[in-house]
């Protein structure tokens with residue numbers, strides 16, 4: 001007797017699931033009162049899903065911007081180091097003397113040390 005009841009309940013469960021799927025595919029589930037009672041909750045869940053998707057897109061966009069800025073920082077840092085080394089090389093005394101000689105400015109490099117001026121009292 002219990003086997004018959006179990007088989008009947010199993011068949012009812014299968015029929016219930018197949019009818020639910022058929023109603024879902026037909027669109028009949030949208031006209032039921034139970035669905036209409038839960039409509040605000042379904043709309044709230046849909047709104048949450050849209051917010052979740054939007055949040056994911058914004059996070060990806062922020063990551064792309066962050067990577068772009070990091071690459072730009074690396075490029076600017078390498079340019080800074082290059083320019084700094086060029087400036088250090090060009091500001092050496094020997095390089096300045098070459099530049100002055102090439103431009104024929106009429107300046108000569110002094111080979112004597114500077115003289116100290118002492119005030120006598």
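Here are the numbers for the structure shown:
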read-out: Modelled FRET efficiency - R0 41 Å, residue 49 with residue 75, Cβ distances, 0.05 increments; value: 0.55
read-out: Label point distance in nm, residue 116-residue 85, each placed 7 Å from Cα along Cα→Cβ; value: 4.1 nm
read-out: Net length gained if the chain between residue 109 and residue 25 were fully extended (0.36 nm per residue, minus Cα distance); value: 20.7 nm
read-out: Euclidean distance of C-alpha centroids, region 17-49 and region 70-121, integer Å; value: 80 Å
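Taken together, the values in this text are just the output of simple stated rules run on the coordinates, not laboratory data. Given the structure is predicted, the values throughout are model-derived calculations rather than measurements. Note that we place each Cβ from the backbone using ideal geometry, even for glycine, and neighbour counts take in every protein chain shown.
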